[in-house]
Amino acid sequence: MTGFTESEERQELRREVARLASSYGREYFTKAARAGEKSTELWLAIGKAGYLGINIPEEYGGGGGGIGDIAAVCEELAAQGCPLLMMVVSPAICGTVISRFGTDEQKQRWLPGLCDGTATMAFAITEPDAGTNSHNITTTARRDGSGWILKGQKIFISGVDEAANVLVVARTEDARTGKLKPCLFVVPTDAAGFSFTPIPMEIVSPERQFQVFIDGVRLPADSLVGDQEADAGAGLQQLFAGLNPERIMAASFSTGLARYALDKAVAYVKEREVWGQPVGAHQGLAHPLAQSKIEIELARLMTQKAAALVDAGDDAAAGEAANMAKYAAAEAACDAADRAVQAHGGNGITQEYGVAGLLVAARAGRIAPVSREMILNFVGMHSLGLPKSY
Ligand SMILES: Cc1cc2nc3c(=O)[nH]c(=O)nc-3n(C[C@H](O)[C@H](O)[C@H](O)COP(=O)(O)OP(=O)(O)OC[C@H]3O[C@@H](n4cnc5c(N)ncnc54)[C@H](O)[C@@H]3O)c2cc1C
């Protein structure tokens, strides 16, 4: 980033991704979703073009770029009506954690498949009873000779049916202190004892969410990412490394979706006439759309700032910016989707115009991967110095 604009290279990347995504477009996406089909063709096309692994080191099949690059890819896909949740998970969370903490052998094994899209990785932290409070997760990993046995349950896990592996957050007993601490394990989706069932969701998307059952899954020693014995906080540090990228990607998913909704609304209100002039001439419609334009641009700027901080290695400053970006982007997307529906009148609710279908996807951005309330808790505590409220 130079000053307040992205580099020419980044802008060109955006144009290229937009071109590829527009050749698929919203119709491809919704048609697949409604037919219960996958968006694998698009996923593999992004992989083939080198965009899926753009943030992964070159020696493992990636593009050697940063989070800012993969975030741009995610946003441009969504802006063409193809918001892909697995972009948040596979290249950004899993790719970052493995690139930073995996052994060379682990990187060789998992990263190339993440880059070309042939071995996507899901991410599983959420549990039915722990919910937002991930300190309370009960999925455990216990030693089994040199390997591990995993047992537990996860919920709302995206894309397990499309994934070759899942990066699972489980707790292990610290050999020295006896305390349970989080660790990350790569679990093949075809492992014995690993099963999943889809959760019927209202989101119009080919990507689905699943309940996951981990019933005594045996794993070799090198399924653990990072050094479990290094220190008691190692697993937590690895987990945190994935959080800023996750928030930046979620923000990009939302700003892209918001741009798509706004573009549709603007195109419609320029055409639709009921009082002898386009309905967009009425300030009652024009002002909310102008507000959305401002809110989206502000959220994009904060997202780019957060990504630039991550790519510069300033994780601490990036934490605040990534949370703020994710909050602002989700709010902008919810408002843009709602205003787009309103701008379309009755057509806003039809499948033909496909606008109402954006509402739930935009709404999900207020809940996942971290809720707006938890971001407000973070900002209250860390940015304002208020007492911890949870
Ligand atoms: C579409 C979608 C995809 C997802 N994909 C994945 C995935 O791939 N992997 C994965 O691990 N998880 C995934 N999730 C789960 C997601 O991260 C959780 O839904 C989210 O973290 C919220 O947890 P919860 O649903 O248990 O809500 P709960 O924890 O039950 O919270 C309910 C409400 O209470 C609020 N709340 C809770 N605690 C506080 C507090 N201290 N202060 C103020 N308010 C509070 C929350 O903000 C929320 O509004 C996905 C969820 C969705 C909707």
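Laboratory data are not the source of any read-out in this text; all were calculated from the coordinates shown. The structure displayed is predicted, hence computed values, not measured ones. Methodologically, a virtual Cβ is constructed for each residue, glycine included, from the backbone with ideal geometry; neighbour enumeration extends over all protein chains shown.
Observations
- Rounded to the nearest 20, the size of the Cβ-charge dipole of segment 210-369 about its Cα centre is 760 debye, with Lys and Arg at +1 and Asp and Glu at -1.
- Ranking His135, Phe196, Asn165 by how far each Cα lies toward the positive end of the dipole of segment 69-199 (charges on Cβ) leaves His135 at the top.
- Rg over Rh for segment 312-362 works out to 1.26, both radii taken from alpha-carbon positions and Rh defined as the Kirkwood radius.
- Charge dipole magnitude, Cβ of K and R +1, D and E -1 - the chain, Cα centre, debye nearest 20: 760 debye
- Label zone at Lys179 (point 7 Å along Cα-to-Cβ), backbone N below 13 Å, segment 91-131: none
- Structure remark: mean-square fluctuation, Gaussian network model of the chain, C-alpha springs under 10 Å; the largest value among Gly81, Gly68, Gly216 belongs to Gly216.
- Of every Cα-Cα pair in segment 39-123, the percent that sits beyond 19 Å: 25 percent
- Of the residues Met249, Thr40, Gly365, the one whose Cα sits farthest towards the positive end of the charge dipole of the chain is Gly365 (charges of +1 on Lys and Arg Cβ, -1 on Asp and Glu Cβ, taken about the Cα centre).
- Segment 74-218 - share of DSSP beta bridges that are antiparallel (%, nearest 5): 85 percent
- By the compact-protein rule of thumb, 2.2 N^0.38 Å, the alpha-carbon radius of gyration of segment 255-390 corresponds to a ratio of 1.22.
- Centre separation in Å (Cα based) which lies between segment 1-28 and segment 235-294: 16 Å
- Pairwise inverse Cα distances across segment 107-221, averaged and inverted, put the Kirkwood hydrodynamic radius at 14.7 Å.
- Sequence-ordered 3J(HN,Hα) estimates for segment 337-346 from the Karplus curve with 6.51, -1.76 and 1.60 and θ = phi - 60° stand at 5, 5, 5, 5, 4, 4, 4, 8, x, x Hz, glycine and proline given as x.
- Compactness relative to 2.2 N^0.38 Å, alpha carbon Rg of segment 168-310: 1.62
- Semi-axes of the equivalent ellipsoid of segment 288-339 are 25, 9, 6 Å, computed as sqrt(5λ) over the eigenvalues of the C-alpha gyration tensor in descending order.
- When the charge dipole of segment 1-103 is built from unit charges on Cβ atoms (+1 for Lys and Arg, -1 for Asp and Glu) and taken about the Cα centre, the candidate among Gly95, Gln80, Leu13 whose Cα reaches farthest toward its positive end is Gln80.
- Using a Förster distance of 35 Å, the FRET efficiency for Asp215-Ser389 (Cβ separation, nearest 0.05): 0.45
- Centre separation in Å (Cα based) which lies between segment 201-226 and segment 59-94: 20 Å
- Angstrom value of the Kirkwood radius, inverse mean 1/r, which spans all Cα pairs in segment 162-245: 14.6 Å
- Shape analysis of the chain based on the Cα gyration tensor places the equivalent ellipsoid semi-axes at 36, 22, 20 Å, largest first.
- Calculated [θ] (222 nm, deg cm²/dmol) that DSSP helices of n ≥ 4 give over the chain, each run adding -39,500 (n - 2.57): -15000 deg cm²/dmol
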